[in-house]
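So the structure is just underneath, and the comments pick up after that.
We did not get these values from a lab; they are worked out from the coordinates using the rules stated. These numbers were taken from a predicted model, which means no experiment stands behind them. Using ideal geometry, Cβ is built from the backbone for each residue, glycine included, and neighbour counts are taken over all protein chains shown.
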Amino acid sequence: MEIYTGHREFTKQGSFQPFDEPSNITLEVEEANKSESLLPKEPWNTTLAHPLWVWTDNNQYKMLYHAHSSNSVCYSISDDGYHWNSQTIGEVEFNGSKNNNIIPNAPHGPAFFEDPTAAPEERFKSISNYGGGFFDGNTGKPLGANSGQLWTAQEYDGNNYDGPPVILGGKGTGWTSPDTINWKRLPEPVIDQPIDGGITAGYDPDTETYFMYCRLHGLTSPELPGIGSSGPEKGLVRRAIGLTRTKDFSHWPHPKLVLHPDAHDDFDISFYGSSYFRYPGRSDLHCLLVQVYHQINDHVDTQIAFSRDGISWERPERRAIIPVGATGDGDEGTAYAWSSGLVTLPDGYWGYLYGGGSWLHNIEPDKGIDSSKIRWARWLPHRLCGINADTAGHFTINTIQRTSNHLKLNYRCKPGGWITVELLRRVPSGAHAEVAPLEGFTFAESDRMTGDSLDKIVTWDGNSDISGIGDTVAIRIKMFGAKLFAYTV
């Protein structure tokens, strides 16, 4: 076998090549493109606002959001996703008038979702916090007025802390609605677990279960204990993400830890919550937008994690996909992606609502300052993450089933950048070492791809038809100054 030096092509065919091991590439998230502020300033929404849920219905976009200045949940609609109109509900009086879009008796948690299996009067559901507060981890009793100071001391004093173990306690409350406007609270808590802003929930039609990702800290699950005298949840102080599932919405088991800060993370971060969405068009690929609290700088941004089963999660980078903005942008302190949901906008972007604020997490803005904005975090389709080569790089996509007569790539090249492609029947291995590139589909015959395309058809000497190559294919990629996001074959 020839050794690749970067200056010449391989001369021996039909053997394992260095192209079949990735070289000089990185897996990188795609930082969101941010829209302008979406909501107009209104008397009951003057300072802080966070999106709770966005969905499409009858060719319109609809949104529930939390207006902090009136501590209310409000309802708005839009024809294009960018220009929103408050819908007068006329039920709640504010400053002597009911001419507003405030929803009466609405849950304040962000865990809103539609249940396609429910009776019409319970079609929409939500879960919010009830009786939350700080408790003594040994006795389970409330810690009283100084609980906040004890919690701060426990987090920042480390081994020097000599007070009682402080944990967050509370219960989760279930809500149902026929129309997202009229809500009914279930009489009994649905889960004995503190539930607040850091949760997301939904219904999974494949397993016919409800699921909920929620924020955990300081709590140990009674199920599936670890080996030995400890476990990942024991003594957990930094906030993390847990998962619980049920077939009965009114009864949820204790959540299990599924994602937490690790040794590759900065030591001061914790996960304030997560926002789940299923990858568009897939039932086997799942996404979490993770709210990351940086405790030293006191700011919050949003990272992304991916999973094949919703249980084991990976973050391709420990870098924000929705970062805080620059000074003056209006989101330089916090960028929270609450559980709003991913939608396709009329301009072709994938959009996820987030609340951006100019204040830091523990510093509220002065009264009357317009310091919080609801915006879209946007990506072109299938561009949440990609394989990047700043200079010359290469890798191989493993053997897969071919379902199309053409290979299409979703990519972006820098000026002077390019991508070329070679096809094989399968990836060479110890059992099948002699695998030659397919005739007519080699690097030497590949037409270079440049520029920026969402679905460029790959050609070899002008030919794009791969119908005759067989049912399986492996794809070798050479890149220079390019980022590859997705492919179809």
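Work out, step by step, the length gained on full extension between L27 and R245: first 0.36 nm times the residue separation, then minus their alpha carbon distance; give nm to one decimal. Mind showing how you got there, number by number?
Numbers: separation 218, 0.36 × 218 = 78.48 nm, distance 3.10 nm.
So the chain would gain 75.4 nm between L27 and R245.
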Most positive-pole-ward Cα, P428, P107, P178, against dipole of the chain from beta carbon charges: P428
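A392 to E93: FRET efficiency via 1/(1 + (r/R0)^6), r the Cβ-Cβ distance, R0 60 Å, to the nearest 0.05? Write out the running numbers ahead of the final one.
Details: r = 67 Å, r/R0 = 1.11.
So the FRET efficiency works out to roughly 0.35.
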G325's amide H: which non-local residues (gap 5+, or another chain) put their own amide H closer than 5 Å, with H modeled 1.01 Å from N in plane and none for Pro or chain starts? D331, E332, G333
Would you work out which of G202, T327, W338 lies farthest towards the positive end of the dipole of the stretch 33-381? Charges go on Cβ: Lys and Arg +1, Asp and Glu -1. G202
Give me the one-decimal nm value for the distance between modelled label points at N362 and R185, 7 Å along each residue's Cα-to-Cβ direction. 3.0 nm
What FRET efficiency, computed as 1/(1 + (r/R0)^6) with R0 = 22 Å and r the Cβ-Cβ distance, is obtained for R426 and D461, rounded to the nearest 0.05? 0.40
Cross-link pairs beyond the 25 Å C-alpha cut-off, checked among K62/K184; K125/K256; K41/K184: K41/K184
Using 1/(1 + (r/R0)^6) with R0 = 22 angstrom and r between the beta carbons of Q401 and D284, what's the FRET efficiency to the nearest 0.05? 0.95
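With n ≥ 4 as the cut-off for DSSP H runs, can you work out [θ] at 222 nm for the chain, using -39500 (n - 2.57) per run divided by the number of residues, rounded to the nearest 500? Please list the in-between numbers first.
Numbers: 1 runs with 11 residues, N = 489.
Calculated mean residue ellipticity at 222 nm is -500 deg cm²/dmol.
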Quick check: pseudo-label points 7 Å beyond the Cα along Cα→Cβ at R319 and K171, how many nm apart are they? 4.6 nm
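Using only the Cα atoms of the stretch 336-489, what semi-axes does the equivalent ellipsoid have when each is the square root of 5 times a gyration tensor eigenvalue? Give whole Å, largest first. Provide the component values of the computation, followed by the final result.
Values: eigenvalues 351, 49, 47 Å².
Result for the stretch 336-489: semi-axes of 42, 16, 15 Å.
List the trypsin sites (Lys or Arg not before Pro) within the stretch 238-329 that DSSP assigns to loop and that have no more than 11 neighbouring Cβ atoms inside 10 Å.
Answer by residue number: K247, R282.
L345 to D268: extension gain in nm, 0.36 nm per residue of separation minus the Cα-Cα distance? Don't jump to the answer; show the numbers that get you there.
Working: separation 77, 0.36 × 77 = 27.72 nm, distance 3.60 nm.
Here the answer is 24.1 nm.
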With a ≥ b ≥ c the root eigenvalues of the C-alpha gyration tensor of the stretch 33-381, is it rounded (a/c under 1.5), prolate (a/b larger than b/c) or oblate? rounded
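How high is the relative contact order of the chain? Use alpha-carbon pairs under 8 Å, at least six apart in sequence, and give a whole percent. Mind showing how you got there, number by number?
Numbers: 1231 pairs, mean separation 75.8, N = 489.
Once normalised by length, the contact order is 15 percent.
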Under 16 Å from a point 7 Å along the Cα-to-Cβ line of N105: which residues of the stretch 178-206 have their amide N that close? 178-188
If the only charges are +1 at each Lys and Arg Cβ and -1 at each Asp and Glu Cβ, what is the size of the charge dipole of the stretch 33-381 around the Cα centre, to the nearest 20 debye? 240 debye
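What is the diffusion coefficient of the stretch 84-144 in µm²/s, taking the Kirkwood radius over Cα pairs and the Stokes-Einstein relation at 37 °C with a viscosity of 0.692 mPa s?
On the way: Rh = 15.3 Å.
Taking Rh from Cα pairs, D becomes 215 µm²/s.
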Would you work out the Kirkwood radius for the stretch 324-367? I mean one over the mean of 1/r across all pairs of different Cα atoms, in Å. 11.8 Å
Report, in degrees rounded to the nearest 10, the 0 to 90 angle that the Cα long axis of helix 147-157 makes with the longest principal axis of the chain. 40 degrees
Quick calc: nm separation of the 7 Å Cα→Cβ label points for E208 and I296 -> 5.2 nm
